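A short write-up of the structure that comes next.
The values are calculated or read from the model by the stated rules, or taken from the named source; none is laboratory data. As the structure is a computational prediction, the values presented were derived from the model and not from experiment. Glycine also receives a Cβ, built like all others from the backbone with ideal geometry; neighbour counts cover every protein chain displayed. Remember, those area values only see protein heavy atoms, side chains included, never the ligands or the DNA or RNA. Shrake-Rupley method; radii C 1.70, N 1.55, O 1.52, S 1.80 Å.
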Amino acid sequence: AKEAGRGTYRFFEPEMDRRLVERRKLEADLRQALAADHLELFYQPLADCRSVSVQGFEALLRWRHPERGMVSPAEFIPLAEECGLINAMGAWVLRTACREAATWPAHISVAVNLSPVQFRQPDLAAEILAILAETGLVPQRLELEITEGVLIVEPERTLATLNELKAAGVRISLDDFGTGYSSLSYLQRFPFDKLKIDRSFIHAMESHAGSMAIVRAVIALGRSLHLAVTAEGVETEKQLVLLQAQACDQAQGYLLGKPVPAAEARHLIADNRPL
Ligand code: C2E
Ligand code: CA
Ligand code: CA
Ligand code: CA
């Protein structure tokens, strides 16, 4: 068995080489894409759960690769994190999203995702506040989405950064809530405004009593801690009705609208109709 294992390893060596070369190429392409403005932000509506009207949009990064077509952020963000490009990319995302949101009506906010890697920059808060000043977006209209991982890896620095941003009026959301390893004590320690329930729970809610119980509990937890709650990945009418029955604050998902280019988001805002 050992020999077969070694044989297999040798067999895959050229394959591993090929993948490494491909990765280097993708990395170079990514640098080029950032420099040449081949990245684009799409915007997905965040809707008031009861009225189903637009309250804001989450900015989601897209890469139009000349040969590969649309590359998913799930694929290139980890790459950008590893090759150190994420800080420049993150600044580009923030600047672009804030500039766009500054053209929207004042009651519409924008949510931007931050990578844990960005929190290693000691001047992250100052950089974000500079981008807000430069684009003229009031801090209250920016929501920053962070995941639980960053709270565990860099708790001290993250807390200082978030407190500085919060003091300036920026809002903080805990993304993918329920999928990480953080303890509930983080909810008290960090200055969150919102919990986003991961879409895996919303997806399983109708078929699985346990998931429904978790969704209910998170909504109740949010209410007692004075945190808004957003349900992610709402795809069916039935899910929306269940969330409305629990008085969930906000819904996001294909039922309300897929991520769309900035021009289409502007149309949705101008239409001013329930989604
Ligand atoms: P996320 O922050 O959890 O974003 C939500 C993802 O779920 C998006 O995938 C969105 O298109 C997708 N989604 C929304 N509604 C539905 C639904 O009803 N059903 C299903 N099945 N999916 C839905 P996307 O755009 O591919 O982004 C994937 C992830 O990449 C994001 O997950 C986020 O973690 C990351 N990401 C995207 N843009 C950025 C960015 O600018 N910066 C950073 N650091 N990460 C980003
Ligand atoms: Ca997010
Ligand atoms: Ca999420
Ligand atoms: Ca996610």
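Against the numbered list (1) under 19 Å from Ala231 (Cβ atoms); (2) surrounded by 21 or more Cβ atoms within 10 Å (Cβ to Cβ), Leu165 comes up short only at (1).
Note on segment 41-61: residues that are outside any loop (DSSP other than H, G, I, E, B) and either within 16 Å of Tyr254 (Cβ to Cβ) or over 15 Å from the mean Cα position of the chain (by Cα) (or both) amount to 12. Among the residues that make up segment 110-119, is at least one of them more than 16 Å from ligand 3 (Cβ to nearest atom) and surrounded by fewer than 17 Cβ atoms within 10 Å (Cβ to Cβ)? No: segment 110-119 contains no residue that is more than 16 Å from ligand 3 (Cβ to nearest atom) and surrounded by fewer than 17 Cβ atoms within 10 Å (Cβ to Cβ). For segment 193-232, a tally of residues being part of a loop (DSSP other than H, G, I, E, B), surrounded by fewer than 18 Cβ atoms within 10 Å (Cβ to Cβ) and either at positive phi or among the hydrophobic types (A, V, I, L, M, F, W, C) (or both) returns 2. Just a yes or no: is a residue in segment 228-243 over 30 Å from Arg120 (Cβ atoms), among the small types (Gly, Ala, Ser) and within 16 Å of ligand 1 (Cβ to nearest atom)? Scanning segment 228-243, I find at least one residue that is over 30 Å from Arg120 (Cβ atoms), among the small types (Gly, Ala, Ser) and within 16 Å of ligand 1 (Cβ to nearest atom), so the answer is yes.
Mind checking whether some residue in segment 127-134 is open to solvent by 40 Å² or more (accessible area, probe 1.4 Å) and among the small types (Gly, Ala, Ser)? So far as segment 127-134 goes, yes, one or more of its residues are open to solvent by 40 Å² or more (accessible area, probe 1.4 Å) and among the small types (Gly, Ala, Ser). Within segment 224-272, restricting attention to residues that are more than 20 Å from Glu100 (Cβ to Cβ) and without any contact (Cβ under 8 Å) to a residue 24 or more places away in the chain, the residue that is nearest to ligand 3 (Cβ to nearest atom) is Tyr254.
Pairs linking a residue in segment 163-185 that is of a type in the set (Lys, Arg) to a residue that is more than 16 Å from ligand 2 (Cβ to nearest atom), with Cβ atoms under 6 Å and 6 or more positions apart or on different chains, are Lys166/Pro191.
Would you be able to tell me the number of residues in segment 84-122 that are in contact (Cβ under 8 Å) with a residue 12 or more places away in the chain and part of a loop (DSSP other than H, G, I, E, B)? Selection size over segment 84-122: 12. Being modelled with pLDDT under 95 and open to solvent by 10 Å² or more (accessible area, probe 1.4 Å) is the requirement here; does Arg157 meet it? So Arg157 fits the description; yes.
Can we say Leu129 is more than 16 Å from ligand 1 (Cβ to nearest atom) and either at pLDDT below 95 or farther than 30 Å from Pro105 by Cα (or both)?
Details: more than 16 Å from ligand 1 (Cβ to nearest atom): yes; either at pLDDT below 95 or farther than 30 Å from Pro105 by Cα (or both): no.
Taking the combined requirement at face value, the residue does not satisfy it.
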